[in-house]
Amino acid sequence: MNLGDLRVFVSAARRPSLGAAALEMHLTPSAISKALRRLEDELGKPLFDRSAKQLALNDSGRLLLERAQTLLALADQTRADLMGEQAAIDSRIAGPAVLLWRHGQMLS
């Protein structure tokens with residue numbers, strides 16, 4: 001299990017569709033689907049009940065979601081602890097283009 005696939009899984013578990021998860025993760029729906037398949041193949045169990053356009057967590061998926069959130073939090077905290085002040089905070093700022101053009105540098 002790699003952390004990237006777990007992050008994709010957590011995103012997909014919180015969203016109603018692969019498209020919505022893809023938008024959040026800045027990936028294609030195909031990339032989201034492949035990451036979920038890798039995880040399911042590795043675990044040997046499906047994690048979602050799939051319908052035409054929606055994903056719904058099954059029992060295995062709910063168990064993994066709980067543990068994946070803990071693992072990802074620990075990984076993020078470990079990275080921050082080891083990197084100290086070099087650890088970066090990932091954030092996105094949205095707004096009208098003219099405001100971002102004028103004040104974007106200051107905000108970043």
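Derivation of every value follows stated rules applied to the coordinates shown; laboratory data play no part. Here the structure is a predicted model, which is why all the values come from computation and not from measurement.
Once you treat every alpha carbon in region 28-69 as an equal point and sum by Debye, what is log10 I(q)/I(0) at q = 0.16, 0.17, 0.19, 0.28 Å⁻¹? Computed log10 I(q)/I(0) values: -0.40, -0.46, -0.57, -1.13. Around the amide H of Leu57, modelled in the peptide plane, lie the amide H atoms of Asp49, all under 5 Å away and 5 or more residues distant in sequence or on another chain.
Under a Gaussian network description of the chain, with springs only between Cα atoms under 10 Å, the residue in Leu27, Leu18, Leu47 that fluctuates furthest is Leu27.
Shape analysis of region 1-48 places it in the prolate category; the axes a ≥ b ≥ c from the Cα gyration tensor give an a/c of at least 1.5, with a/b above b/c. For percent of Cα pairs over 24 Å apart, the value computed from the atomic coordinates appears in the list (1) 21; (2) 17; (3) 38 under label (3). Only helices enter this figure: runs of n ≥ 4 DSSP H residues, each worth -39500 (n - 2.57), summed and divided by the residues of the chain, yield -21500 deg cm²/dmol at 222 nm to the nearest 500.
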